[in-house]
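The values are calculated or read from the model by the stated rules, or taken from the named source; none is laboratory data. These numbers were taken from a predicted model, which means no experiment stands behind them. Every residue, glycine among them, receives a Cβ derived from its backbone with ideal geometry; neighbour counts consider all protein chains shown.
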Amino acid sequence: MPDLTPTIRTALRSSTLLALVLGFGLSLAPALDAQAFGAPESFADLAEQISPSVVNITTSALVAGPADGMPLVPEGSPFEDFFQDFNTPGEGPPRRSEALGSGFVISEDGYIVTNNHVIDGADEILIEFFSGVKLPATLIGTDPKTDIALLKVEASTPLPFVVFGDSDLMRVGDWVMAMGNPLGQGFSVSAGIVSARGRVQKGPYDDFLQTDAAINQGNSGGPLFNMDGQVIGVNTSILSPDGGSIGIGFSMASNVVSKVIDQLKEFGETRRGWLGVQIQDVTPDMAEAMGLPEAAGALVSNVPDGPAKEAGILRGDVITRFDDQPVSDANDLTRRVADAPIGEAVPVLVLREGKTETLQVTLGRREEAEAASIPVSAPAVDGPAELETLGMTLAPLDDELRGRLGLQASDEGLVVLNVDPASDAFTKGVREGDLITEAGQQRVSRLADFDARVEEARAAGRLSVLLLVRRGGDPRFVAVSIG
């Protein structure tokens, strides 16, 4: 029988006594399970093992000084970032500003991972090792979309390093340990658990692990370890009303970071796959409006010129599988496409008008597509009058409305003149000035077209009708109740 902790032994003795008094049998299984998933007696051995691979990072850059030429706090102070908002830039002599962060070594030849925001704009980067040795670092490459940067130092001897673990294996409740340089206090350890998985903040490739291990300013770029000493996240941000840790920290998952690092190491930049579609999640009401079996996959809201258009993907298609893997939502598809090889044909399964079809799409490179800023194609119009329906007042486009809304001569659809705040359309985000270009996945340019699509949805027993709404050139689907 395994050695039980004193707490569990005490609990077992109490449970045994109670069971004997009440005449019940006692199973040891729950107690053994509790021990298997209990907290370690100490994190000391793990901390000692991995500390040499964690580094403090100091960056400096020449910036405009405050109005009187004097900083409000000493340079390097942990409160420097807080007070810099009170400085008036550009009115004093330039001064050298320092910032603090963390990082970790991933190879014996000196590659170091940190956050992009830690080194952004720096002209000098200094790495301090746990031993006290300090070395200058050069920047190999950055990826602002995941806030990751790769640095390199030249050391006379092989450096201790850590390896990436599989972040997909981490479960909510698993123990983790964070290391870094919080508030400029030097090497510091904190422990906690994985509080949540798959958190998204604002980036298209976000896949954050949320943890209650204390993370503060200065921890940015530091590692989040599992209990095997593998890096399963890069500590990136905190959620806090006052800038201090309240037990809600976010670490970019290692399975995202490791792919970025491989590309930065090989090319000095990222090379992500590009499908060439605008997509959104399929909500339950959208699924009902489209007659889909479940609210899953990525709904294509627009197809500009690019790989998807060439392969035959259409607006209104629901992408359910990519490269033979199921697609759960829009973010899932975005990450899968980014990781896919450029220039190779990938099978994409789409659901279109109740039928599935597999298309072969040869992916482009996202960075090149973004640099070219491919124009978004827009749909067509005509007619007078107004129509009040589904809590909206609609009118067909004319030259006056096009001019007022800044639309092109080729744009078509129905303009939303007014939306009842009590309507489902308002709740779903439809607003005055929006342009409805499709209803029931068919183009609409006349009021009669819209009426017909609504009646078709009712006749089919639908509870809502799917609208394609454009605002500022950006399209999105909205399912509006027709009950």
Inset, instruction - Identify all residues within the stretch 148-172 that are within 22 Å of THR58 (Cβ to Cβ) and among the hydrophobic types (A, V, I, L, M, F, W, C); write none if there are none. - result: ILE148, ALA149, LEU150, LEU151, VAL153, ALA155, LEU159, PHE161, VAL162
Legend entry - Candidates ASP474, ASP434 - the one that is of a type in the set (Asp, Glu) and under 21 Å from ALA289 (Cα atoms): ASP434
Inset, instruction - Would you be able to tell me the number of residues in the stretch 285-307 that are small (Gly, Ala, Ser) and within 23 Å of the chain's Cα centre (by Cα)? - result: 5
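So that you can scan it fast, the table gives a plain yes or no per residue for (1) charged (D, E, K, R); (2) surrounded by 18 or more Cβ atoms within 10 Å (Cβ to Cβ):
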| position | (1), (2) |
| --- | --- |
| VAL282 | no, yes |
| ALA287 | no, yes |
| VAL300 | no, yes |
| ASP305 | yes, no |
| GLY312 | no, no |
| ILE319 | no, yes |
| ASP332 | yes, yes |
Inset, instruction - Enumerate the pairs (first residue in the stretch 149-173 and among the basic types (Lys, Arg); second residue anywhere and in a loop (DSSP other than H, G, I, E, B) and crowded, with 17+ Cβ neighbours inside 10 Å) with beta-carbon separation below 6 Å, excluding pairs fewer than 6 apart on the same chain, so at least 6 apart or on different chains. - result: LYS152/GLY110
Inset, instruction - Have a look at ALA287, ALA298 and point out the one that is without any contact (Cβ under 8 Å) to a residue 60 or more places away in the chain, among the aliphatic types (A, V, I, L, M), touching a Leu at 6+ places or on another chain (Cβ under 6 Å) and not assigned by TED's automatic domain parsing to the domain that holds ALA214. - result: ALA298
Inset, instruction - Name the one entry in PRO144, PRO160, PRO136 that is under 17 Å from SER51 (Cβ atoms) and either in the same structural domain as ILE106 (by TED's automatic domain parsing) or in contact with an Asp or Glu (Cβ under 9 Å, 6 or more places away or on another chain) (or both). - result: PRO160
Legend entry - Boolean, GLN201 is surrounded by fewer than 18 Cβ atoms within 10 Å (Cβ to Cβ) and either of a type outside the set (A, V, I, L, M) or closer than 25 Å to ILE57 by Cβ (or both): yes
Inset, instruction - Identify all residues within the stretch 294-339 that are under 21 Å from GLU353 (Cβ atoms), assigned to a loop (DSSP other than H, G, I, E, B) and touching a Pro at 6+ places or on another chain (Cβ under 9 Å); write none if there are none. - result: GLU294, ALA295, ALA296, GLY297, ILE313, ARG315
